[in-house]
């Protein structure tokens, strides 16, 4: 396996794969700084398009709407995932299998099918399409990803620490808030950031469930590029990309710091 990883063909394929993913993003960032309006040649460095995007009320309104929707979805997705994982840890084997089937079914099901199904159900219930229905749809989709992350974190928890807290007289609620949840905190944070990112960037579910009066940033950008890709679109893409990368790096730093702290605590306790 080590020799296979060091093989030149594997290295070349890996580099090409990384380049295929990152070169389009690099092109967007460069074009956001390009002074040429038609983006057919290099027109010099400029921040004009960022100022133009910042002054566009449509863009500002769409960003605020997307942030509100993503924050609400992240909180609800983490809550749904956390309660499900806490039950999953103590469930029987068949209960775990049934729970996993429900989670993975949402992951493998095409989003357009799930969005269409939710649209039919919510309209049958006569719920007006808007922020509420969009958040419901995003939560149904994003909570599955949050659950997978929390399940991975929950597998690393030591039941001995929880049992030790119970033996020392702590109630189940005290054990939950002083032992279990702090141990799951890195996973909760990572799940929340992922749910936020997925909701903020979502197009399909937002298109079906947002209605005609609610416009998110992805839907606005999709409307902009129907005719041509403008420099303002590149500026918006560059801002969103940089924000997501910065938030991801921050979460990775927090998770790494928390993991090191938890390891030091476990060593101190002799566990």
When the chain is modelled as a GNM with alpha-carbon springs shorter than 10 Å, which of 89, 257, 213 fluctuates the most? 213
Please work out the Cα center distance from segment 38-117 to segment 169-229, rounded to the nearest Å. 4 Å
Report the calculated FRET efficiency for residue 64 and residue 176 (r = Cβ-Cβ distance, R0 = 30 Å), to the nearest 0.05. 0.30
Dividing the helical contributions, -39500 (n - 2.57) per DSSP H run of n ≥ 4, by the residues of the chain yields a 222 nm value, nearest 500 deg cm²/dmol, of -26000 deg cm²/dmol
Apply 1/(1 + (r/R0)^6) to the Cβ-Cβ distance of residue 125 and residue 91, taking R0 = 22 Å, and write down the FRET efficiency to the nearest 0.05. 0.15
Full extension between residue 246 and residue 224 adds, at 0.36 nm per residue less the Cα distance, a length in nm of 5.4 nm
Beta carbons within 10 angstrom, averaged per residue: use that to sort the peptides 136-149, 169-182, highest first. 136-149, 169-182
GNM, the chain, Cα, under 10 Å: largest mean-square fluctuation among 58, 97, 151? 97
Which of the peptides 221-229, 12-20 is most tightly packed, and how do the rest follow, judged by the mean count of other Cβ atoms within 10 Å per residue? 221-229, 12-20
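Relative contact order (percent) for the chain, with alpha-carbon contacts under 8 angstrom and 6 or more residues of separation?
30 percent
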So, in nm, how far is label residue 104 from label residue 116 when the simple model puts each one 7 Å beyond its Cα toward the Cβ? 2.5 nm
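Values quoted throughout were computed directly from the atomic coordinates according to the rules given, and no laboratory measurement underlies them. Please read all numbers here as calculations on a predicted model, not as lab measurements. Note that we place each Cβ from the backbone using ideal geometry, even for glycine, and neighbour counts take in every protein chain shown.
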